[in-house]
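S.K.: Please see the structure below; I have some questions.
The values are calculated or read from the model by the stated rules, or taken from the named source; none is laboratory data. No experiment lies behind these values; they were computed from the predicted model shown. For neighbour counting, all protein chains shown are included, and Cβ atoms are generated from backbone atoms with ideal geometry for every residue, glycine included. Just so you know, the surface numbers come from the protein's heavy atoms only, side chains and all, with ligands and any DNA or RNA stripped out. Shrake-Rupley method; radii C 1.70, N 1.55, O 1.52, S 1.80 Å.
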Amino acid sequence: MAATTPPKVIFEHEGVFIHSNTEESDDQDLLLSGFLRILEKDGETVVEYKPLEDTVDPSNMLCAGKDSSSVVEWTQCSGEKGHRPMDQQLSCDTEWDMVNAVSFRRKPYTNGEGGLNHTNERSKWAFSFYVCDLKSISVKCEGWSYLTFHLRDGNTLPAVHFHQGGSEAFLDNLRKCAQLSECPDDEHTLIVSYYNKALSQSFENLLDDTNYGLVQKFKKDPYTTTLGGFSKVTNYIFDAFRGSELECQERPAEEMSDLLGELIPGLEINQQEEPGFEVITRVDLGARPEVQRREPVTVEDWTKHQDSEGRISNVTHLKHIIFKGGLCHAVRKEAWKFLLGYFPWDSTHDERKNLQKRKTDEYFRMKLQWKSVSEEQERRNSRLRDYKSLIEKDVNRTDRNNKFYEGLDNPGLILLHDILMTYCMYDFDLGYVQGMSDLLSPILYVMENEVDAFWCFVSFMEQMHENFEEQMQGMKTQLIQLSTLLRLLDLAFWNYLEAQDSGYLYFCFRWLLIRFKREVHFQDVLRLWEVMWTGLPCQNFHLLVCCAILDSEKQKIMERNYGFNEILKHINELSMKLDIEEILHKSESICMQIKNCKDLPHSVREILGFSAVPETSTLETSEYGILESPQTSPRATLRQDQLISNGHGHLRELSHNGCKVAFIS
Amino acid sequence: MASRSSLLKVILLGDGGVGKSSLMNRYVTNKFDTQLFHTIGVEFLNKDLEVDGQLVTLQIWDTAGQERFRSLRTPFYRGSDCCLLTFSVDDNQSFLNLGNWKKEFIYYADVKQPDSFPFVVLGNKVDVTERQVSAEEAQQWCRENGNFPYFETSAKDATNVSNAFEEAVRRVLASEDRVEHLVPTDAVNLHRKPRNTSTCC
Ligand SMILES: Nc1nc2c(ncn2[C@@H]2O[C@H](COP(=O)(O)OP(=O)(O)OP(=O)(O)O)[C@@H](O)[C@H]2O)c(=O)[nH]1
Ligand SMILES: [Mg+2]
């Protein structure tokens, strides 16, 4: 092809900055804002940076721009081996003719000698290079991400700062033409190996945590997909481009999974911020440690942990033994109220009695509200009518094989109905969503008391709320988090699922929506839930439960070469065949295995709530959370025993010693 | 005998509680489970049958009816050969919603020619005495919306259930060129059903 072909823009991101100060200087940076682009030109891929001509708008940035005397000059060093005269090639097309430098060597700039006018000074910072000349990229995060390119000839280009996000999208797009792998000795460095065929790239690098679901969707429907942010747009564009070859072999399963991307659009996790960089390559996890489970906590054990006034002492230990063995059924009625946060651990008998009294009044006040709605009123209230009719239908289809709910006119059914109706009054915006009856049923079964069951259910729903909301954001987040964990645990299996268009893990939907309620026997649900409510041994433990179950099935799935439909069927049919103790055993073991791993990807640490900071000792002594990089992604690091996870990355402080509340989002 | 059979995908749509899962179970296992759970997520069952001398594997998809779960169920509409629009004769609202279900299906299944797509309408729970929807009303709706066949069924006492599914199969077989639906009967990968139109770029 002639060299005059105009370059094709694969990626473009505006608002990428160069800080033009020296590292030694304490002075404020001079900020240059510009474009970062990936171009394809005659079959070669080029990365270029071009500063904008107009002045920097400080409101866009985290630090103010100011002229500084400590500017560094980057001099051209063309003619070094490996570099082609890019400027000539690109200048054919005026639009892209902004490259006046090939590569740079760092050189101290002395104030007197420069004397360049503003525009020239800016254009000096422009650079471009062939991707095949790129050796490595350092990825750092300081509240925002910034990348430094190291070329094969030994030159290092000025760091480009993504104050407005986009670094992940940039890397993702770069990954289409070059393989980026995490450097074994330095997690902040990506080693670049270049190859031409983008499609030969392995799945592991193609997808990032937040965007992978969007990619397929866009391929299908590039123009109508709602775009949440620029970084996503660029991903779409790339994939629309990349996808063109794949479109030819259409088949329903693939289309289905394309549309499953519907689950993902609107996904808002980490949309504004860029939490460092994320590539999950093969991390060596090491062996899975043996763990021991224990006998359930007995009435005796439980009472030993109470002082004379009824306060629970040594909560940490108590939670630990509950996590390890669950509870004997006789303890559940009392213990669940604490585990769910209805009763504060440090409350006395009297305080709890008062609390219950207040809560009883409150409950019946709300119950009266729907009880006293006349038929006339109901006719004019379609939402209430819809909630009511669905509750009536679902109550008749919830655990009817359980003694507590079986047969006609069983009082259990009426209670189930009344509590769900009252919950609609408690949270009318959410109302009743299918799945909620499954969450209430075991609680009511254990409490055997309408009011206590209601308030425990309210607490449980606080954890599960987001899963049921209009956009089902909690479900989307969980599916993505689960996918991240699976990729870490067994990339081969994850790749297999991906290849079967099942990478969205839609088949785990029921597991996650109602916390395995339909997957294990009723008595085992009780065990599983009380273990999960301890918040131990890590945040989002239920996702590791998913991993444990899938770990036991993956061999079958792969050996039998199951496809999209068969995977769904196989997983659906596991229901009631799972052994709870075996699963808990394995889940804990997986947790320990991950915890022991030193080079965990940031996203995994975040999901499981493992502190990213190595000096745990200082954290252990701090009473409250430490908010890190508050401008971007506040990550609270709190003592584990004070936390419970609500299942989608948010942390909620239990009402414990009147402690503060910390949120992660 | 014939070593090839057609894989037909049919999908049951309709409001929560109209009896979609019960109809599917009745047809595939010939049982009515009074302790059935409401559906969360997506399920499907296969059934082999012979219609007018032709072997067919029917893949019946069942989803959750609540509005909220739309984003979960709609991806599975694609590739359907037939859609069974279901309401319950003792629930007028579920009848009024038929039009919405039809629209949702056509939109997400990406049906190329909605006018000739085989829909079948099922009025379920005819065993119940307190009807809210009469057979005449339902038939009229079917006439006005594309001349769909209408069946009054009962999953509970098995009335008309297999008739309805078999009619669905006939409609599909009659409606299109079947050649590209043929897959070997012993195929394990039933999901690898080839598309009947090749839309190569
Ligand atoms: N009398 C009668 N009851 C039925 C019949 N079919 C289903 N039911 C009952 O109606 C209720 C709803 O049936 P399902 O099959 O669960 O309804 P569905 O359409 O699958 O509902 P979702 O899963 O919520 O979308 C259950 O209690 C069934 O026992 C029928 O033919 N006659
Ligand atoms: Mg159902």
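S.K.: Could you name every residue in region B:15-30 that has 50 Å² or more less accessible surface in the full protein assembly than in its own chain alone (probe 1.4 Å, ligands and nucleic acids excluded)?
M.R.: none
S.K.: Heavy atoms only, probe 1.4 Å: what % of the accessible area of region A:340-468 goes to carbon and sulfur, would you let me know?
M.R.: On the way: 2670 of 5580 Å².
Ligands and nucleic acids excluded, carbon and sulfur give 48 percent.
S.K.: Okay, moving on. Using the charge dipole of region B:6-184 (Lys, Arg: +1 at Cβ; Asp, Glu: -1 at Cβ; taken about the Cα centre), state which of B:Gly146, B:Ile106, B:Pro75 has its Cα farthest towards the positive end.
M.R.: Looking along the dipole axis, the top candidate is B:Pro75.
S.K.: Estimate the FRET efficiency between B:Asp33 and A:Asp42 by the formula 1/(1 + (r/R0)^6), using the beta-carbon distance for r and 60 Å for R0, to the nearest 0.05.
M.R.: Working: r = 66 Å, r/R0 = 1.09.
So, using R0 = 60 Å, E works out to roughly 0.35.
S.K.: Out of residues 5 or more away from B:Asp91 or on other chains, whose amide H comes under 5 Å of its own, with H placed 1.01 Å from N in the peptide plane?
M.R.: Placed amide hydrogens put B:Gln132, B:Val133 under 5 Å from B:Asp91.
S.K.: A further question on this structure: Taking the solvent-accessible surface of protein heavy atoms with a 1.4 Å probe, what is the per residue accessible area of region B:6-184 in Å²? Could you put the intermediate results ahead of the total?
M.R.: Working: 7020 Å² over 179 residues.
Heavy-atom accessible area per residue stands at 39 Å².
S.K.: While we're on this one: Which trypsin sites (Lys or Arg not before Pro) in region A:351-448 sit in a loop by DSSP (not H, G, I, E or B) and have at most 14 other Cβ atoms within 10 Å of their own Cβ? Present the calculation step by step, with values, prior to reporting the outcome.
M.R.: On the way: sites: A:Arg352, A:Lys353, A:Lys357, A:Arg358, A:Lys359, A:Arg365, A:Lys367, A:Lys371, A:Arg379, A:Arg380, A:Arg383, A:Arg385, A:Lys388, A:Lys393, A:Arg397, A:Arg400, A:Lys403; in loops: A:Arg380, A:Arg397, A:Arg400.
Passing both the DSSP loop test and the Cβ count: A:Arg380.
S.K.: Which whole number gives the average, over all residues in A:392-401, of C-beta atoms from other chains lying within 10 Å of the residue C-beta? Don't skip to the end; give the middle numbers.
M.R.: Details: counts 1, 8, 5, 1, 5, 11, 3, 2, 5, 5.
If you average over the peptide's residues, the count of other-chain Cβ atoms is 5.
S.K.: Let me ask another. At 0.36 nm per residue, minus the direct Cα-Cα distance, what do A:Arg380 and A:Glu309 gain on full extension? Give it in nm, one decimal, please. Before the final figure, lay out the partial values.
M.R.: Working: separation 71, 0.36 × 71 = 25.56 nm, distance 5.08 nm.
Stretched fully, the A:Arg380-A:Glu309 segment lengthens by 20.5 nm.
S.K.: Report Rg(Cα)/(2.2 N^0.38 Å) for region B:1-108, keeping two decimals. Before the final figure, lay out the partial values.
M.R.: Numbers: Rg = 14.5 Å, N = 108, 2.2 N^0.38 = 13.0 Å.
Its radius of gyration relative to the 2.2 N^0.38 Å reference: 1.11.
S.K.: Answer rounded, prolate or oblate for region B:6-184, using the Cα gyration tensor with square roots of eigenvalues a ≥ b ≥ c: rounded when a/c is under 1.5, else prolate when a/b is larger than b/c, else oblate. Mind showing how you got there, number by number?
M.R.: Working: a/c = 1.33, a/b = 1.25, b/c = 1.07.
Taking the square roots of the gyration eigenvalues as a ≥ b ≥ c, region B:6-184 is rounded.
S.K.: Using the Cα centre as the reference, give the magnitude of the dipole from point charges on the C-beta atoms of region A:340-468 (Lys, Arg: +1; Asp, Glu: -1; all else neutral), rounded to the nearest 20 debye.
M.R.: Value, rounded to 20: 300 debye.
S.K.: What FRET efficiency would be calculated for the residue pair B:Asp127, A:Asp409, taking the C-beta separation as r and a Förster radius of 22 Å, to the nearest 0.05?
M.R.: On the way: r = 20 Å, r/R0 = 0.92.
It comes to 0.60.
S.K.: Could you work out the mean count of beta carbons from other protein chains within 10 Å of each residue's beta carbon in B:31-40? Intermediate results must be reported in sequence, preceding the final value.
M.R.: Numbers: counts 0, 0, 3, 5, 9, 4, 11, 11, 3, 10.
Mean partner-chain Cβ count within 10 Å for B:31-40: 6.
S.K.: Could I ask something else about it? What list of ³J(HN,Hα) couplings, whole Hz, do you get for region A:484-491 from phi and the Karplus terms 6.51, -1.76, 1.60, once you set θ to phi - 60° and write x for glycine and proline?
M.R.: For region A:484-491, the Karplus-derived couplings read 4, 5, 5, 5, 5, 6, 8, 4 Hz, x marking Gly and Pro.
S.K.: Something else about it: Sorted by accessible area (1.4 Å probe), largest first, how do A:Ser193, A:Ser502, B:Ser22, A:Ser372 line up? Let's see the in-between values first.
M.R.: Numbers: A:Ser193 50, A:Ser502 0, B:Ser22 20, A:Ser372 75 Å².
Descending accessible area places them as A:Ser372, A:Ser193, B:Ser22, A:Ser502.
S.K.: Test of the criteria: in region A:325-417, which GluC sites (Glu not before Pro) are in a DSSP loop and have at most 15 other Cβ atoms within 10 angstrom of their Cβ?
M.R.: Passing both the DSSP loop test and the Cβ count: A:Glu406.
S.K.: Heavy atoms of the protein only, probe of 1.4 Å, neighbouring chains included. What is the accessible area of A:Met558 in Å², nearest 10?
M.R.: Surface accessible to solvent at A:Met558 totals approximately 60 Å².
S.K.: Also: With a 1.4 Å probe on protein heavy atoms only, tell me which residues of region B:64-80 lose at least 20 Å² of accessible surface in the complex relative to the chain by itself.
M.R.: Hits at the 20 Å² cut-off: B:Gln66, B:Arg68, B:Phe69, B:Ser71, B:Leu72, B:Pro75, B:Phe76, B:Arg78.
S.K.: Which far-off residues, 5 or more places away or on another chain, put their amide H under 5 Å from the one on A:Ser347, with H placed in the peptide plane?
M.R.: Here A:Ile312 satisfy the definition.
S.K.: Size of region A:340-468 along its principal axes in angstrom, Cα-based, largest extent first?
M.R.: Principal-axis extents of region A:340-468 (Cα, largest first): 46, 34, 29 Å.
S.K.: Here's another thing I want to ask about it. Just list whichever of A:Lys554/A:Lys586; A:Lys393/A:Lys554; A:Lys333/A:Lys388; A:Lys319/A:Lys476; A:Lys324/A:Lys353 have alpha carbons separated by over 25 Å in the model shown.
M.R.: On the way: A:Lys554/A:Lys586 14 Å; A:Lys393/A:Lys554 36 Å; A:Lys333/A:Lys388 28 Å; A:Lys319/A:Lys476 29 Å; A:Lys324/A:Lys353 30 Å.
Over 25 Å Cα-Cα: A:Lys393/A:Lys554; A:Lys333/A:Lys388; A:Lys319/A:Lys476; A:Lys324/A:Lys353.
S.K.: May I pose another question? To the nearest hundred square angstrom, how large is the accessible surface buried between A and B, total for both chains, probe 1.4 angstrom? Each step should come with its number before you reach the end.
M.R.: Values: alone 28830 and 10740 Å², together 35480 Å².
The buried area between A and B, both sides summed, comes to about 4100 Å².
S.K.: Run through region A:376-478 and list the chymotrypsin sites (Phe, Trp or Tyr not before Pro) located in a DSSP loop whose Cβ has at most 15 other Cβ atoms within 10 Å.
M.R.: Values: sites: A:Tyr387, A:Phe404, A:Tyr405, A:Tyr423, A:Tyr426, A:Phe428, A:Tyr432, A:Tyr445, A:Phe454, A:Trp455, A:Phe457, A:Phe460, A:Phe468; in loops: A:Phe428, A:Tyr432.
Loop-located and lightly packed - A:Phe428.
S.K.: Give the span of region B:70-115's Cα atoms along each principal axis, as three whole-Å numbers ordered largest to smallest.
M.R.: 32, 26, 14
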